[in-house]
Amino acid sequence: MALALAALILYFPANLMPILEIDLVGNIRQTTVLHGAMVVMDQGFVLVGIAVLVAGVIAPLLLLLSILTQLVLLHFGIRRETVRWLLLHHPTLDQLSMIEIYMISFFVSVFKLVDIADLTYGWGTLCYILLFVLTFYVQYEYNRELMWQRYDETYGK
């Protein structure tokens with residue numbers, strides 16, 4: 001629960017604060033994860049932009065909220081059907097959440113831009129890297145079979 005809560009706290013600054021400032025011959029631009037997805041859509045790659053938005057922004061939030069909700073509801077033994085629904089749909093959220101793909105693309109972009117522009121990393125960069133690490137550990141520590149077992153113990157079969 002602590003990992004999921006910490007990741008959820010980092011989620012908002014990671015997605016709303018600038019992750020990179022690019023200075024290309026005096027033209028300075030800042031970008032966030034959300035802004036990156038919107039720019040891709042504005043460039044005519046709507047499907048790619050939606051994929052970035054879902055995999056890098058929406059699905060990670062839903063995954064963290066789902067895990068946190070499951071843990072809280074199981075702890076208090078309430079809302080049986082909600083917990084069941086979340087447990088059944090967890091694999092889908094797990095597959096859709098791809099923060100690591102965004103991190104790889106970020107590193108590739110930085111590697112390509114470093115020779116032609118001055119780059120300044122913002123607080124969003126640190127938050128996004130920490131969010132990536134925490135989300136990785138949340139997914140690593142999440143045991144679906146154990147959650148179903150806890151569900152059966154809490155609500156009965």
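For region 89-157, the pair-distance distribution built from all alpha carbon pairs, in bins 5 Å wide starting at 0, is 3, 12, 17, 18, 13, 10, 8, 7, 5, 3, 2, 1, 0 percent. Peptides 99-106, 41-48, ordered by how many other C-beta atoms sit within 10 Å of their residues on average, highest first, read 99-106, 41-48.
Taking every alpha-carbon pair within region 1-74, the share separated by more than 14 Å comes to 67 percent. Near the amide H of Ile19, within less than 5 Å, lie the amide hydrogens of Thr31, Thr32, Val33, all on another chain or at least 5 residues away, with H placed in the peptide plane.
The fraction of accessible area contributed by carbon and sulfur in the chain is 68 percent, rounded to a whole number (1.4 Å probe; ligands and nucleic acids excluded).
From most to least packed by mean Cβ count within 10 Å, the peptides 82-91, 23-32 give 82-91, 23-32. Using percent of Cα pairs over 23 Å apart as the read-out, say which of (1) 37; (2) 44; (3) 31 was calculated from these coordinates. For percent of Cα pairs over 23 Å apart, the calculated option is (2).
When you restrict to C-alpha pairs under 8 Å that are six or more residues apart and normalise by the size of region 1-118, the relative contact order lands at 27 percent. Solvent-accessible surface of the chain, taken per residue with a 1.4 Å probe and all protein chains present: 61 Å².
The values are calculated or read from the model by the stated rules, or taken from the named source; none is laboratory data. All values reported here derive from a predicted model rather than from experimental measurement. Because the Cβ atoms are built from the backbone with ideal geometry, glycine has one as well, and the counts that use them run over all protein chains shown. Just the protein is used for accessible areas: all its heavy atoms, side chains included, with ligands, DNA and RNA removed. Shrake-Rupley method; radii C 1.70, N 1.55, O 1.52, S 1.80 Å.
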